[in-house]
Each structure stands twice: as C-alpha cells, then as structure tokens.
Amino acid sequence: MLPLLLLAFAQVVTPELRQHVEAGLQARAAGDLPRAATEFQRVVELAPELPAAHVNLGSVYFQMKDYERATAPLRRALQLNPDLPGAHQMLGTALLAQGAANEAIPHFEKAHIDDLLGIALLEAGRARDAVDRLEAALLQRPGDPDLLFYLSHAYGQLSKDLFDRLRTQPGGETRVQQMLGEAALAAGQRDQAEKHLRSALAARTDLRGIHFALGELYLANGDYARAEPEFRAEARLAPLSAVAAYKFGLALLNLGKPAEAAKELGRADQLHPGMPETLLSLGKALVATGNPTGAEAAFQKLIETEPNSALAEAAHLQLSQLFRKLNRSADANRELKALQELRRSRR
Amino acid sequence: MGGGIALLDYDGDGRLDIFVVNGGKLHDPVRLPPDFRRYDPAFANRLYRQLPDGSFQDSTARAGLLNSPNIYGMGAAVADIDNDGHPDLYVTGYGGSVLYRNNGNGTFTATAEASVPGWSVSAAFLDYDNDGLLDLFVARYLDWDLGRNILCGTPFHSYCRPDKFNGVANVLFHNEGGGRFRDVSQSAGIASAIGKGMGVAVADYDADGFPDIFAANDGIEQFLFHNERNGTFTERALEAGVALSDDARSFAGMGAAFGDYDNDGRPDLIVTNLATEKFALYRNEGEGRFLYASLTTALAGLTSRHSGWGVGIHDFDNDGYKDIFASQSHVLDNVERIHSGLRYLEPPALYRGSPDGKFRAFDLGLPAVAGRGATFGDLNNDGKLDAVVSVLGGSPLVLLNRSARPGVTLRLVGRRANRDGAGAVVRAGSQTVFASSSGSYLSASDARVHLSGSPATIEITWPGGRKQTEKLPPGPSVTILEKE
C-alpha cells in the first residue's frame with residue numbers, strides 16, 4: 001500500500017498531507033488502528049480524489065473487522081480506480097461478512113479468489129457455480145477443513161434442490177421415501193429409516209437399494225434373521241452386485257447356513273475378486289463346509305491383499321486354527337506368531 | 001453391573017435355598033467416601049430359605065447375614081470349604097469380599113479369610129491341586145475407584161468403555177484346611193496376567209486330571225489359565241483358541257460356562273457378550289484346543305441382537321441335547337437413546353440344542369428385565385433343571401422347569417475328593433456332565449449334577465482320576481458316595 005500512496009502523492013503532496021500519511025502508517029504499524037483510522041480519514045479529506053487514500057482508510061477498518069465502515073471507502077476507491085485487486089478482495093469480504101453475497105460476487109471474480117467466491121456463490125443460492133469454485137480452491141488446499149465444510153454444504157444444497165424437484169414430480173414419492181429412509185439410516189434414526197424404506201418398498205418392489213438399506217439396518221441391530229431375506233432380495237434384484245452377494249452370504253453364515261453362504265460368498269468373490277471382507281467370510285464358510293484347501297486360499301489371498309489390517313489378524317487366526325486341525329503344527333505356530341506380532345504392531 | 005445370585009442348601013434340609021447379593025445405595029457416584037448404606041436392611045444381601053411347599057421365606061436375619069460390610073455387592077460363590085457337609089458362602093464386591101462360614105445350624109459367621117481388595121466380581125471354588133480341599137479363584141474387574149471416576153457419553157451419559165481404565169490381576173487362594181486360605185496368586189502365575197475380569201468358569205478342558213480356569217475379560221483378550229499340575233498356571237487362551245472371536249477381535253466377555261454341548265465328552269465353552277458381538281461358543285476339539293462354533297451352530301445369528309450375562313450349558317428339556325440358557329439385558333440403561341435398534345430390558349433366553357448340531361431360539365414367555373446373574377439347579381428335586389435369574393432393580397425370576405421328559409439330579413459326595421465332588425466328570429451314554437458350582441456370571445449354581453433321561457448306569461471320574469461305576473436307582477434325585 002505504501003508505494004502506491006507515495007506515488008500518488010508525488011504530484012500533490014503537501015507537508016500536512018505527508019504528516020497525516022506518515023502518522024497513519026506509524027499508528028497502523030504500532031497496532032493503534034483507531035488512531036490510524038483518524039489519520040487516514042484526514043488524508044481522505046485532504047486528497048479525496050486519491051484512490052489509495054480511500055484504500056488505506058478502508059483497509060484499517062477492515063483490519064478492525066468493522067466491515068460496515070470499511071465498505072464506503074473501499075467502494076469509493078474502486079470508483080476512482082476499478083483495477084485494484086486488493087480492494088476488490090477486501091470489499092467482497094466486507095460485503096460477504098454483512099450478508100450481501102450477491103454484491104460480493106463480482107469483487108471476488110475480479111480478484112480471482114476462488115474460495116471466497118465459492119462461499120459467496122453458495123450463500124447467494126448458486127450452489128452449482130459454488131461447487132466449481134470450491135473444487136478449484138480445494139485443488140490448491142486439499143485438506144482445508146473450511147473448504148471441505150463449504151463444499152459439503154454446496155453439494156448438500158444441490159442434493160436438496162434435486163430432492164425438492166423430486167418431491168414435486170408425479171410418481172416421485174417412492175424415491176422420496178427411499179431417500180428419506182437412507183438419510184435416516186445414516187443419521188442413526190433406525191425406526192424412521194425402516195418406516196420410510198418399508199413405505200418405498202410397498203410402492204415398488206423392483207428398486208435396487210431399498211432391500212439393501214433394510215438389510216444394513218437390521219445388520220446394525222445384529223438381527224441377521226431379518227437381514228437375510230432383505231439381502232437375498234437385493235441379490236436377486238442386482239445379481240451382479242458383489243456387495244449384495246457378500247452381505248447375503250454374511251447373513252447366511254451367521255445363521256448357521258455355511259453351505260449356502262459359501263456359494264454366495266464365492267459368487268461375491270467372482271464378481272469382485274479380492275475384496276478382503278468377502279475373503280474372510282468365504283474362508284470361514286469353506287472351513288465349515290469341509291473345504292480346507294479353498295479356505296486356506298481365501299485367507300492367504302486376504303493377507304496378500306491387506307497384510308496389516310484387522311482383517312489380516314482374523315485371517316492369521318483362522319489359518320492357525322485350520323492348520324492346527326490339519327496337524328500342520330509348524331504352519332499353525334507361524335500363523336499364531338504372525339497374529340500376535342500384527343496385534344502388537346497395530347496397538 | 002452387579003446381580004450375584006447363588007443356590008445352596010444351607011440348612012441341609014434337602015431343598016435348595018436362594019442367596020441374592022445386593023449392591024448398595026449410591027446417592028452420588030462421585031461422592032467420597034463411599035457409603036453404600038449396607039447397614040440399612042433394605043440394602044443387605046438376602047437369603048431365602050425354601051419351605052416344603054416350594055415357597056421361599058426370607059431367612060437373612062436368622063442366618064446372621066443381615067449385617068453386610070460396606071462393600072458394593074457383586075457376586076457369590078458356594079462350596080463346602082471344610083468338607084463338613086455344610087455349604088459355605090463367599091461374597092464379592094467393590095471394596096472387598098467376605099467369606100461366610102456355615103456354622104451347620106442354619107447360621108453363618110463372617111470371616112476375614114480370602115479377603116480381596118479392590119473390585120472383585122465372579123468367584124469360583126475348585127480343587128486345583130486335587131488335595132481334597134476346594135481352593136478359590138476370584139476375578140477382579142478394573143483398577144477403579146470413586147475418586148478417579150470419569151464420565152463418558154455424548155450427548156447421553158453412559159458407562160465408560162473398559163479401555164478407559166487399567167486392568168488388574170485376579171486372585172487365587174489355596175485352601176490350607178481349617179477354613180484358612182493363602183493367597184498364591186504370585187507363585188501360581190495368576191497375578192502375572194492383568195485382566196478386566198467378569199465371569200469365571202472351571203473345567204479340565206484338556207482332560208489331564210487337573211481343573212483349568214477360564215476368566216472372561218471385558219474388552220480385552222480372554223484368559224484361559226491352564227493348570228500345570230504343579231501348583232502353577234499358564235495363560236493359554238490364544239493358543240487354545242478362546243482368546244478372541246473368529247474375527248480376532250476382543251469382546252465384552254461377561255458370563256462364561258463350560259458344558260458339553262455336542263455330547264463328545266469334552267467341555268465346550270460359552271462366553272456371553274454385548275449386543276452385536278454375538279455369544280462366543282467354542283467347541284472343544286481335544287488336545288487342548290477350541291474352535292469358534294457360534295457360526296456353525298447358528299448361535300451367532302440367534303444371539304447377535306442380545307446382551308448376555310449369566311449363562312449355562314445344560315439339557316433343560318431332558319431330550320439328550322444340551323441347551324443354552326442366558327440372562328439378558330444391555331449394560332446401558334439408556335441404550336435405546338444411543339442405538340434405537342437395541343434394548344436395555346430383555347427376557348432371559350433359551351437356545352435349544354438339536355440333533356443337527358444347531359441351536360434354535362425357544363420363547364420362554366418371560367418378561368423383559370435387566371437380567372444379570374443366572375444360577376441353575378433342581379429346586380424341587382424332580383430331575384429337571386430349574387433356573388433363577390437376578391434382576392437389577394427388581395425381584396429375581398424363579399423359573400421352574402415344566403418339561404415332560406424325565407431327568408435325574410445326582411448329589412456326589414466326595415470322600416477322598418472334596419466333599420462337593422467339584423471337578424468330577426459323570427458319563428451316562430452319550431451324556432457327559434462336569435460337576436462344578438462355578439460358571440455363569442457372579443453366580444453359583446447347584447453343586448449337584450444333572451443328567452437327562454433315566455440312565456441305568458453312570459461312570460464317575462473323581463478329581464484325581466479315580467473312576468467309579470454306579471447303577472442308578474430309579475428316581476429323580478440320587479446321592480452317590482465316592483468309594484473309599
């Protein structure tokens with residue numbers, strides 16, 4: 001700011017003007033912002049056509065977070081010289097802070113400030129444009145929690161807009177119930193979730209995802225008996241869904257139906273080879289159905305895929321017990337040791 | 001927690017009586033010093049004497065048990081510690097434990113023997129060195145006191161998870177005779193395992209002639225103390241396959257019991273857990289190893305919604321296949337607010353065994369309660385195993401078995417072995433039962449053993465390995481003396 005000010009003063013500077021400029025700068029440097037504001041106000045009075053004078057005054061108020069008083073001098077500065085990016089940024093921020101998102105947007109556009117522009121667009125109700133700007137900003141600062149917060153809000157707004165459209169469409173009620181059910185499930189409101197999902201299912205039995213969500217709901221309650229028919233129905237509706245086949249197999253396994261479980265889990269493994277959760281359950285089902293070779297292969301594959309995970313611990317435990325049963329003591333001891341070491345390292 | 005309960009014929013009239021452990025009053029869980037108001041009769045433990053008509057009479061005062069020490073009561077264990085024919089009583093709790101000697105005249109005397117500091121929970125009597133005197137194992141829960149209490153739960157307060165607290169060692173006492181006990185936890189190797197104990201069960205799982213100890217732990221690996229036959233124990237749960245679930249996860253291990261659910265002659269093991277964890281059933285494969293059997297027996301799917309505490313593996317319907325009985329209730333009384341799919345109050349459950357090796361739920365038609373301890377015994381000496389469930393904040397449930405099939409209740413009287421016959425194994429055809437009043441959760445069961453049907457001949461293996469074959473007289477209740 002200082003070079004701009006001095007350059008502007010070069011033709012019109014007076015001793016009094018210089019005195020107030022220097023006093024203002026010193027006060028600001030010393031952190032005495034009210035004094036700096038007084039001095040720069042005097043500068044504005046002495047040189048009202050100088051954009052830099054208004055910028056300095058506005059920036060002091062901006063520093064003081066007095067956005068209302070910062071607005072007028074910054075506006076005046078930009079009337080005198082529209083090509084001041086810093087002033088645009090400050091004015092945009094001041095306007096946004098006062099709730100004038102629409103007014104703030106052109107200033108952020110001129111200043112090329114993606115994150116603030118995204119926020120302003122979001123607050124102005126332009127969620128789709130906001131997503132673009134916030135995604136661009138996120139490329140520069142991938143883990144920024146504020147950006148992630150606003151971006152999730154933007155997507156949430158988009159989702160809500162679409163949901164509102166869906167509600168008004170003829171025949172949209174089933175999907176509305178499905179969405180409400182899934183949202184309630186995610187929020188842990190299980191009773192509500194079940195009500196909405198059942199309502200959706202009563203209207204249409206052919207929609208993928210509803211049975212799955214119900215199955216997940218019952219699974220979270222530990223209710224395998226009620227989860228099993230839901231996953232069975234989902235697997236029928238979506239025969240190429242590996243995750244539906246896995247969940248169906250998992251339910252069967254816990255209900256003491258290892259042969260059926262092995263079949264379904266094997267199918268899940270074919271649809272999505274190497275999924276560790278599937279391999280663990282498949283291995284258990286194969287042990288229970290007397291197929292130690294297949295079980296060993298499944299557990300070994302899991303360990304290859306995820307050698308340091310909790311699932312790998314389970315695979316080592318299963319292998320140690322399988323080998324013990326097969327009288328392969330050395331192998332059993334090796335797996336037990338691997339389990340112990342992995343548990344220690346993961347603590 | 002809390003909710004200890006025991007069955008014992010304390011007055012020798014041939015009818016089982018019921019002892020109920022009360023916790024105490026906690027006005028303010030963070031106020032010190034703790035005063036559990038055990039001096040108030042309303043918070044005393046209770047002894048209910050069974051009358052000839054099957055009803056029960058409060059005999060607490062008459063038996064000299066009204067004045068409870070200032071501990072928050074937890075569990076109970078029962079054994080004839082001095083082989084005088086009168087069952088003695090051990091009561092655990094937060095703040096200490098007490099051994100009550102049975103005076104043989106319907107009264108008890110509190111002693112300072114086998115006192116355990118801290119927070120003792122389940123306890124079990126066993127003759128670990130086969131010297132004919134029953135020793136005592138006491139599980140302890142956490143290293144916690146009121147001065148270091150912390151609050152957990154958002155937005156609703158709930159009990160903190162056990163991983164917020166340090167564990168503590170369990171305690172083993174050797175019975176020195178004459179009613180005296182010596183703490184051998186260090187020399188026996190018990191003290192080297194730091195746990196978060198809950199239920200305790202005893203059986204000779206590897207058939208080497210010496211009883212072993214399973215101690216359920218809350219939230220960490222379970223303990224299986226293998227008896228090394230020289231007065232020491234080695235913790236072998238992981239090697240034996242009972243430390244973890246089949247997913248290699250620790251669980252809330254609460255109640256525990258041994259029993260031969262598959263009639264192969266070996267003691268299998270069940271551990272009750274919190275909802276969504278499934279009860280863990282371990283099949284004894286022989287050679288000292290177990291396999292997780294909750295999946296193959298369908299027990300996983302049956303129990304995964306439930307939170308179990310007291311538990312027993314017995315043939316309740318006398319059909320030749322062992323069943324599993326469990327008292328149930330979530331540990332959090334506000335669990336519905338935290339997880340709307342779970343319930344705090346639950347009815348006790350019976351999972352019936354069947355020829356195909358799978359369990360099936362059987363609706364007992366009981367109310368949903370906060371069940372904790374569960375004890376099993378033949379209350380009316382009809383050869384059918386009854387159950388008593390303790391209920392937090394409510395009356396116990398006394399459940400008389402109405403099954404149609406016959407059974408027989410055997411009272412074993414040891415002479416060289418301990419008088420209770422604890423540790424004896426009884427075989428009749430495909431049935432094998434293990435004599436022990438231990439197991440379940442905070443509870444002590446009828447020391448007698450139960451067989452289904454009307455077996456003509458039985459084989460008893462007494463502690464130490466001596467075998468005895470007996471022809472059984474007809475009738476639902478039989479006493480068998482150990483041959484000298």
Under 7 Å between Cβ atoms, which residue pairs at least 6 apart in sequence (or on different chains) link something in region A:319-334 that is assigned to a helix (DSSP H, G or I) with a partner that is of a type in the set (Lys, Arg)? A:Arg324/B:Arg289; A:Ala332/A:Arg324
Residues that are surrounded by fewer than 15 Cβ atoms within 10 Å (Cβ to Cβ) and without any contact (Cβ under 8 Å) to a residue 60 or more places away in the chain: find the strands (runs of 3 or more DSSP E) completely inside region B:37-92 holding 2 or more of those. B:56-58
Among residues of region B:333-352 being among the small types (Gly, Ala, Ser) and within 11 Å of chain A (Cβ to nearest Cβ), the residue nearest to A:Leu219 (Cα to Cα) is B:Gly341
From A:Ala268, A:Ala261, A:Ala235, A:Ala242, which residue is within 14 Å of another protein chain (Cβ to nearest Cβ) and either out of contact with any helix residue (DSSP H, G or I) (no Cβ under 6 Å at 6 or more places or on another chain) or at pLDDT 95 or above (or both)? A:Ala261
Checking the conditions here, which among A:Glu296, A:Glu335, A:Glu313 is more than 12 Å from chain B (Cβ to nearest Cβ) and among the charged types (D, E, K, R)? A:Glu296
Region B:286-324, subset at the interface with another protein chain (Cβ under 8 Å from one of its Cβ atoms) and free of Cβ contacts under 8 Å to residues at least 40 places away in the same chain, residue surrounded by the fewest Cβ atoms within 10 Å (Cβ to Cβ): B:Arg305
Kindly provide the set of residues from region B:256-289 that are in a loop (DSSP other than H, G, I, E, B), under 15 Å from B:Ala326 (Cα atoms) and among the small types (Gly, Ala, Ser), ordered by number. B:Ala275
How many residues does region A:186-224 hold that are surrounded by fewer than 17 Cβ atoms within 10 Å (Cβ to Cβ), part of a helix (DSSP H, G or I) and within 14 Å of chain B (Cβ to nearest Cβ)? 4
Under the condition of being hydrophobic (A, V, I, L, M, F, W, C) and surrounded by fewer than 21 Cβ atoms within 10 Å (Cβ to Cβ), which residue from region A:318-332 is nearest to the other protein chains (Cβ to nearest Cβ)? A:Ala332
Just to be sure I understand, how many residues within region B:207-248 are within 14 Å of chain A (Cβ to nearest Cβ) and over 20 Å from B:Ser187 (Cβ atoms)? 16
Extreme residue, farthest from the chain's Cα centre (by Cα), among residues of region B:339-356 that are crowded, with 16+ Cβ neighbours inside 10 Å and of a type in the set (Gly, Ala, Ser): B:Ser340
Residues of region B:173-201 being in a strand (DSSP E or B) and over 17 Å from B:Phe214 (Cβ atoms), which ones? B:Phe173, B:His174, B:Asn175, B:Glu176, B:Gly177, B:Arg180, B:Phe181, B:Arg182, B:Asp183
Does region B:19-30 contain at least one residue that is at pLDDT 90 or above and closer than 23 Å to B:Gly132 by Cα? no
Hey, any hits in region A:273-282 for a residue that's at the interface with another protein chain (Cβ under 9 Å from one of its Cβ atoms), buried (at least 17 other Cβ atoms within 10 Å of the Cβ) and in contact (Cβ under 8 Å) with a residue 12 or more places away in the chain? yes
Here the qualifying pairs (Cβ atoms under 9 Å; residues six or more apart or on different chains; first in region B:226-249 and closer than 29 Å to A:Leu302 by Cα and modelled with pLDDT of 95 or more; second part of a loop (DSSP other than H, G, I, E, B) and hydroxyl-bearing (Ser, Thr, Tyr)) come out as B:Ala240/B:Tyr205; B:Val242/B:Tyr205; B:Ala243/B:Ser250; B:Leu244/B:Ser250; B:Ser245/B:Ser294; B:Asp246/B:Ser294
Spot the failing condition for B:Phe279; the list is (1) under 20 Å from the mean Cα position of the chain (by Cα); (2) under 30 Å from A:Ala184 (Cα atoms); (3) more than 14 Å from chain A (Cβ to nearest Cβ), and only one is missed. (3)
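The values are calculated or read from the model by the stated rules, or taken from the named source; none is laboratory data. Note that the coordinates shown come from a computational prediction; the quantities given were computed from them, not determined experimentally. Counting neighbours? That spans all protein chains shown, and the Cβs are built from the backbone with ideal geometry, glycine included.
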